[in-house]
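What follows is one structure encoded as structure tokens, with my remarks underneath.
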Amino acid sequence: MKLIEKKHLVAWGAFLLIMLLMPNFVSNGTLRIFIFANFLAIFAISWDVLSGRTGYISFGHPFLIGIGVYATAIMSKRFGMPVEYSIPLAVLITMLGSVLIFLPALRIKGSYFALVTLAFMELAYQLVQVVRPDLTGGTRGIFGIKTLTRGAENGFYMSMSLMFAVAFSAWLIMRTQLGTALSALGMQEESLEGSGKSTTKLKLAAFMLSAFIAGLGGAFYAHYVGAIAPRTLFDINFLFTIIVAVLLGGSGTIIGPIIGAFFLTFLLEFLRPYLPGAGRYFIYGAIALLLYMYQPKGIYNLLEKLYQRWRGGAA
Amino acid sequence: MTIKSWLKPVVSGVAISAISMASLAAEPIKVGFIGSMSSDSGLSGLRAAEIAIDEINNTGGVNGQQVELVTADTREDPTEGIKAYEFLAESAEVDFIVSSSIDDVSLAWMPRFLEYQIPTLDTWASYVGIIDMVKDDPEGMKNYFMNVASDEALATLYINFGADVLKAKMGFESVVILAEDTAFGEAITGLVTEALAPVAGIEVKEVIKYDITTNDFAPLFSKAEQSGADFIYQISTVNAAGLSAQYVKLQVPLAMTGVNVAALGHEYWTDTGGAGAGISTLSPIPAVGLDLDPVSAEFVATYQSRYTSRPVMPHFNGFNVYHGLKQALAAAGEVGGFGDGWSAAMEKQDLKLMKDGELWLRYGWWQHDEIEPVTGRTYPHNIRFDLSEPFDDGAPSMVVVQWHEDGKPYVVYPEKYANGEFVLPSWVPAK
């Protein structure tokens, strides 16, 4: 089987085409929902590249995203740096920050690793409030950050292009030897070591790639929303939303986190007019629970099975 | 040309125009409400909006147009606030937004306001930085109004309470600050340490910060006692009822005042299990315990006949929503909608609510070039407040409310609005 088949490229092309044409078919309100879904998809891909592939479950992903968000917000807002510099620098700083999470991964794994990464998120939450609040905005955060786009359509194209570029690049990388090795790392780290591969280098690659995506998504997110607050970034709910998006869509894939992110975001927003209060979160929780109970491999796997059944029936 | 031949297009034209006019008249004005729909303050605002809109619709609407309410929950979360504002603007396509958002949430949706330019009224958020934005960018912010006194104005009057009551009357020389670790806690801590204490001549002995998940306050009270301060300044918005109840149950031998959000609602006494005496809090106006003017009292009567669940009495933002929404719709009625002329018409709205022949509450606006005499600065599009006796230009920016041991709230400062004395709890020795 070829690693990259024509049908894959056709599927990516069709996906891109549909997304490009989307503003012609949906309202601006729906485009706004797409924008948040696109950003959540980027964060979910970033988490999955690390945790879904290597098995190192990170509870500190908001820490990485937060570095990207704060770095570009501080550089552009406080120091007047143009975004064309602040965003790449923010990505670089996020990658450097990921080394902090990477170091524990050299010694611990499993639930211990997850707890250590959770501590990083909590630490970041505390630090941004007390260390140089003149720069971080303290507990209130930073508002009035330069926004890159105005209008739903522009915001949609910006977020969609970014999400597509991230998803397609990650998909290509996962089809290289590196991607295969990362998956092997998640399945049998010891066996991989035995085969002579440097698991340390592989882990570092996974962390760097994940941080690159998190930093990139975070930096663009900051310049989309225009205001950031520590309690929404370094927040357990934000972390769970990312993880649930991956698990619902299907971990260990690229399209899974995208499906999960779109499903979650649209479900909540479509329920808003009918259940404007907290009721929609009960529905969301119940659907997520049912899906995960009866379809633990995610929606992508379910769609694949349905497709296979349809093809079998058609044949 | 026969009469019939020219009559036909004329009749058709008139018919089409009539149908268009009818459909235009039937098109409702959409008002969006943005705020938490599970908190007492959020519900106060939402219910007040429902009452105001029903009253307007029952009297024929705005120039014949009925008003429709669309709600968007923020869950007091800034990101949800952005989504809620986008929903109101782009999906519900509202004409006007009334907000009961907390400061963080208003700051989060502010970029969306700047983008959509939908006329918006804030009734809870009081961050003076937003008023500064109106000062700096009058054109971009022309459709934004805030009808709660900005925190700077609120603080200025509160400093007088420190000097007049805490220092002069009670003889307090030193304070220990017990503040929750939030944006609000940090802001008020800054106010007390940098403004209230130096101006009133009160020494800050210690600042004790606590996490909002704290349930056991006993060690914190012990620490406060050990600081040797004369009184505790609490800053509490989350689990504030729990903090108050433990203060009373532990009979902490220090007076405690400050900001206690739980004490701003009528449910405070039952929330603390009757253990809430002695607590005093700064409150935007109209506060719990405040004597009301006849118009506001009628609003409360309507509210209480319609809603039986908590909050049984609207919080201050409920009054602001009720009066402010009516003013916004009146301005729209004057200029034919929420278009270009609305902001200027809104600036002219000025509701003076009298009580016993005196100005009691005022819903008017500071204009762009007007300098407030006490602070010496401008507050464009902020509610018109008054910072000095005899409060004949507007209501004070805040009052101080104290819950007494009879289970009732009393306004204890400033004097004109006071209906009770600032007293020490019975277990606290006088200085």
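Structure above, values below:
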| read-out | value |
| --- | --- |
| Residue satisfying all of: in the stretch B:204-221; hydrophobic (A, V, I, L, M, F, W, C) and part of a strand (DSSP E or B); farthest from residue B:236 (Cα to Cα) among these | B:204 |
| Among (1) surrounded by fewer than 17 Cβ atoms within 10 Å (Cβ to Cβ); (2) of a type in the set (A, V, I, L, M); (3) touching a residue at least 24 places away in the same chain (Cβ under 8 Å) - the single one residue A:45 does not satisfy | (1) |
| Exclusive hit being more than 27 Å from residue B:263 (Cα to Cα), without any contact (Cβ under 8 Å) to a residue 40 or more places away in the chain and out of contact with any helix residue (DSSP H, G or I) (no Cβ under 7 Å at 6 or more places or on another chain), set B:339, B:333 | B:339 |
| Residue among A:282, A:266, A:262 that is more than 14 Å from every other protein chain (Cβ to nearest Cβ) and within 18 Å of residue A:244 (Cα to Cα) | A:262 |
| Failed condition for residue A:33, given (1) within 14 Å of chain B (Cβ to nearest Cβ); (2) surrounded by fewer than 24 Cβ atoms within 10 Å (Cβ to Cβ) | (2) |
| Count of residues meeting criterion [more than 14 Å from chain B (Cβ to nearest Cβ) and surrounded by 24 or more Cβ atoms within 10 Å (Cβ to Cβ)] in the stretch A:234-246 | 2 |
| Which numbered condition residue B:74 misses (of (1) under 14 Å from the mean Cα position of the chain (by Cα); (2) of a type in the set (Val, Ile, Thr); (3) modelled with pLDDT under 95) | (1) |
| Matching option when the condition is in contact (Cβ under 8 Å) with a residue 24 or more places away in the chain, within 11 Å of chain A (Cβ to nearest Cβ) and on the phi < 0 side of the Ramachandran plot, among B:105, B:62 | B:105 |
| The lone exception for residue B:83 - which of (1) assigned to a loop (DSSP other than H, G, I, E, B); (2) charged (D, E, K, R); (3) within 11 Å of another protein chain (Cβ to nearest Cβ) it fails | (1) |
| Positions within the stretch B:215-238 being out of contact with any strand residue (DSSP E or B) (no Cβ under 8 Å at 6 or more places or on another chain) and either of a type outside the set (A, V, I, L, M, F, W, C) or outside the structural domain of residue B:278 (by TED's automatic domain parsing) (or both), in sequence order | B:215, B:216, B:219, B:222, B:225, B:226 |
| Residue count for the stretch B:373-390, restricted to those that are crowded, with 21+ Cβ neighbours inside 10 Å, among the hydrophobic types (A, V, I, L, M, F, W, C) and in a loop (DSSP other than H, G, I, E, B) | 1 |
| Options A:58, A:98; residue that is assigned to a loop (DSSP other than H, G, I, E, B), away from chain B (no Cβ under 14 Å) and of a type outside the set (Phe, Trp, Tyr) | A:58 |
| Residue in the stretch A:33-55 that is outside any helix (DSSP H, G or I) and not acidic (Asp, Glu) present | yes |
| Residue A:65 being buried (at least 24 other Cβ atoms within 10 Å of the Cβ), out of contact with any Lys or Arg (no Cβ under 9 Å at 6 or more places or on another chain) and within 14 Å of chain B (Cβ to nearest Cβ) | yes |
| Selection count where residues are away from chain A (no Cβ under 14 Å) and not acidic (Asp, Glu), scope the stretch B:204-213 | 3 |
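Quick grid of which residues meet (1) under 30 Å from residue B:266 (Cα atoms); (2) modelled with pLDDT of 90 or more; (3) in a helix (DSSP H, G or I):
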position: B:8; (1), (2), (3): no, no, yes
position: B:11; (1), (2), (3): no, no, yes
position: B:31; (1), (2), (3): yes, yes, no
position: B:34; (1), (2), (3): yes, yes, no
position: B:44; (1), (2), (3): yes, yes, yes
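The values are calculated or read from the model by the stated rules, or taken from the named source; none is laboratory data. Keep in mind that what you see is a predicted model, and the values were worked out from it rather than measured. Every residue, glycine as well, gets a Cβ built from its backbone with ideal geometry; the counts of neighbours run over all protein chains shown.
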